[in-house]
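Okay, structure first, notes after.
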Amino acid sequence: MSEASRHELRQGLEPCLGRLWRYALVLSGANDTAESLVQATCRRAVERADQFPASARLDRWLFSTLRSIWLDEIRPRRIREAKAFVDAEGAVSSDGAFEFGANILATQVLKSIARLPEAQRETALLVYGEGYSYAEAASALSIPIDAVTSRLAAARSALAKLK
């Protein structure tokens, strides 16, 4: 891959950082781990820029890369350490992208999502938070689309009980 192409990829990373960080925080539950995940994702994206499909969306590729790093490297370590999950306050306020009122609502939503089991939590974030279609979420999570539908139905049911 040419240096110009690598530069274009680096330029495309910056607008995705806040979204990547929120996803990493929902997966890991800790600011420091989320930051490490995002850094590892950016490093891997630059290192493997030649593997980026020209017809793909960069943000989808980055989310998939981040999740792969989480599942392969960081999650097993976090499970061994038995650390808790999601600081919803930090998930929305750290990048300053939301207005005050929306920030409060987003914090409430993330706190509710944080109480879901991991599979439901990451599926709900991708579909409801990031706007993935069911098919895109299924592809990103490497699961059948029926599993996405099932996880979201269970998440909606659990969230309705939290009211």
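Beta carbons closer than 6 Å, at least 6 apart along the sequence or on distinct chains, pair a first residue in segment 148-163 that is farther than 10 Å from Thr123 by Cβ with a second that is among the aliphatic types (A, V, I, L, M) and not in a helix (DSSP H, G or I) for Ala158/Leu116. Ile74 meets the conditions (1) exposed (fewer than 15 other Cβ atoms within 10 Å of the Cβ); (2) at pLDDT below 90 in every case but one. The failed one is (1). The residue that is surrounded by the fewest Cβ atoms within 10 Å (Cβ to Cβ), counting only those in segment 1-56 that are charged (D, E, K, R) and modelled with pLDDT under 85, is Glu3.
The values are calculated or read from the model by the stated rules, or taken from the named source; none is laboratory data. Computed from a predicted structure; not experimentally measured. Cβ: placed from backbone, ideal geometry, glycine included. Neighbour counts: every protein chain shown.
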